[in-house]
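Here is the structure we will look at.
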Amino acid sequence: MDATRQQAQELRRQIEWTLARAINPSDVLPMLHKLVRLAEDGSEENVFAHLHLAELLVERHPWRAALCARRVLAHRPDDDRGWATLGLCQTLLGNYNFAVHAYHHALTSAPKNPWYAHNLGHLLDIALGRAAEAVVWLKRAHEGAPDSDEVAASYAHALARAGRIAEARKVLVRATKRGSSGNVREHLALLKWLDQGAPPDKDHPLPRPTALHAPAPIASAESQASADAAPSSQPGGKADRADAGGPLRPVLRGAAAAELEEVLTRGLASLPLDAKQRARARALARDTGARFAQASRPAASRGGATSLSALAAGVAYAIVYVDHVPLTQAEVAACFRVSVASLRARFNELRTHLDLLPGDARYATFRQR
């Protein structure tokens, strides 16, 4: 094996280690660009680099990300993540029919992936107005991810737009009984719309489907269009943010602050953190509330990642980050029943707004010597 190939393989291992340790995914961008230059075109390392570049760049630079995804597909024409990422790129670029085509390819390669089915169905329903066709895919997504409140909301919305209001109500009622406080509010808003007969002029605005749901280690979700920001492995920027729904701006006064602490406490109970770390997490949640108290409306209404569960997950992971706890973002997200993308989006915003650093004296429970 020549020296260049060995260097490429070693660099890939470094990137994989970084991602596995859940260090901010955007930190590996320079390493990925270097790997693209170093690895032979079409090699495993080269395809690996292009795939991760596509997933990292998609929110901020969808056109560039689409080029990377196409390079992956040139060598792996059946790669489901490549097609799903390309589908997200085309959605962000407004090429909805091509996005549908891409998601169909992703599902051909990974037919049991509920997130691809969700993205395709949500795209058909919201962007293209093809609710009856969307129901088929959203039903598959709901069967594959029955505990997802976001999938349930999308499925119910498409059912209602297809004239199947009674079925939509059943789906929402079941989801509302098990959902987090933020998602319950969204479901109740949808139920109110159903009670009115689901009139088109009062259609509840679900987020536009711009997120990549992918198998581990990289997951994703829905997104809401807005303006530009920093990338993340599953998009967390301001422009068409994946599962983030816009800048962090919940009103965390009074009842909302109490709800956040309640959701946070429930999730923390499933994490291997000690009492001091949990106390610091609650302190960070209070600081978050104070910092964003000038916002004009509560977190909840525009999608999963604007829910308090996503914010709570971001707060919990912030403690993991500053205290060097050996937990991945996926492990933390699972405890709050949110996607990794939504956690990343909220954590990135928290880290930016609060200037968090590893070992941050405000929240870390240990001190580096």
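For every residue, the table says whether it meets (1) at pLDDT below 85; (2) open to solvent by less than 50 Å² (accessible area, probe 1.4 Å); (3) closer than 14 Å to VAL263 by Cβ; (4) of a type in the set (Val, Ile, Thr).
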{"residue": "VAL315", "(1), (2), (3), (4)": "no, yes, yes, yes"}
{"residue": "VAL320", "(1), (2), (3), (4)": "no, yes, no, yes"}
{"residue": "LEU357", "(1), (2), (3), (4)": "yes, no, no, no"}
{"residue": "TYR363", "(1), (2), (3), (4)": "yes, yes, no, no"}
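Within region 128-153, restricting attention to residues that are in contact with a Gly (Cβ under 7 Å, 6 or more places away or on another chain) and at pLDDT below 90, which residue is farthest from TRP115 (Cα to Cα)?
The qualifying residue farthest from TRP115 (Cα to Cα) is ASP149.
Which pairs turn up if I take residues in region 186-204 that are open to solvent by 90 Å² or more (accessible area, probe 1.4 Å) and look for partners that are modelled with pLDDT of 75 or more and of a type in the set (Phe, Trp, Tyr) with beta carbon separation below 9 Å, at least 6 apart in sequence or on another chain?
Within 9 Å, the pairs are LYS202/TRP193.
Can you list residue pairs whose Cβ atoms sit under 7 Å apart, with the first residue in region 260-275 being free of Cβ contacts under 8 Å to residues at least 40 places away in the same chain and the second being surrounded by 15 or more Cβ atoms within 10 Å (Cβ to Cβ)? Count only pairs 6 or more apart in sequence or on different chains.
Sorted first by the residue in region 260-275, then by its partner, the pairs are GLU261/ARG282; GLU261/ALA285.
Would you confirm, using the coordinates I've provided, whether GLU44 is among the acidic types (Asp, Glu) and open to solvent by 10 Å² or more (accessible area, probe 1.4 Å)? First the steps, then the outcome.
Values: among the acidic types (Asp, Glu): yes; open to solvent by 10 Å² or more (accessible area, probe 1.4 Å): yes.
Here the answer is yes, as GLU44 does meet what is asked.
Name the single residue, out of those in region 84-96 being more than 15 Å from the chain's Cα centre (by Cα) and among the polar types (S, T, N, Q), that is surrounded by the most Cβ atoms within 10 Å (Cβ to Cβ).
Per the criteria, the residue is THR91.
Find the residue count for region 261-282, including only residues that are among the acidic types (Asp, Glu), farther than 18 Å from LEU350 by Cα and in a helix (DSSP H, G or I). Walk me through it before giving the result.
Going through region 261-282, the residues among the acidic types (Asp, Glu) turn out to be 261-262, 274.
Remaining after also requiring farther than 18 Å from LEU350 by Cα: 262, 274.
With the extra rule that they be in a helix (DSSP H, G or I), the set shrinks to 262.
So the answer is 1.
Of all residues in region 97-145, count the ones that are among the aromatic types (Phe, Trp, Tyr), touching a residue at least 24 places away in the same chain (Cβ under 8 Å) and open to solvent by 50 Å² or more (accessible area, probe 1.4 Å).
The total comes to 1.
Mind listing whichever residues of region 109-155 are among the small types (Gly, Ala, Ser), closer than 18 Å to ASN95 by Cα and in a loop (DSSP other than H, G, I, E, B)?
GLY129
Taking the criterion of being closer than 30 Å to GLU133 by Cα, open to solvent by 10 Å² or more (accessible area, probe 1.4 Å) and among the charged types (D, E, K, R), would at least one residue in region 47-57 satisfy it?
No, every residue in region 47-57 fails to be closer than 30 Å to GLU133 by Cα, open to solvent by 10 Å² or more (accessible area, probe 1.4 Å) and among the charged types (D, E, K, R).
The values are calculated or read from the model by the stated rules, or taken from the named source; none is laboratory data. Predicted model only: the values in this text are computed from it and were never measured. Glycine also receives a Cβ, built like all others from the backbone with ideal geometry; neighbour counts cover every protein chain displayed. Each accessible area value is taken on the protein alone, full model and side chains, heavy atoms only, with ligands, DNA and RNA left out. Shrake-Rupley method; radii C 1.70, N 1.55, O 1.52, S 1.80 Å.
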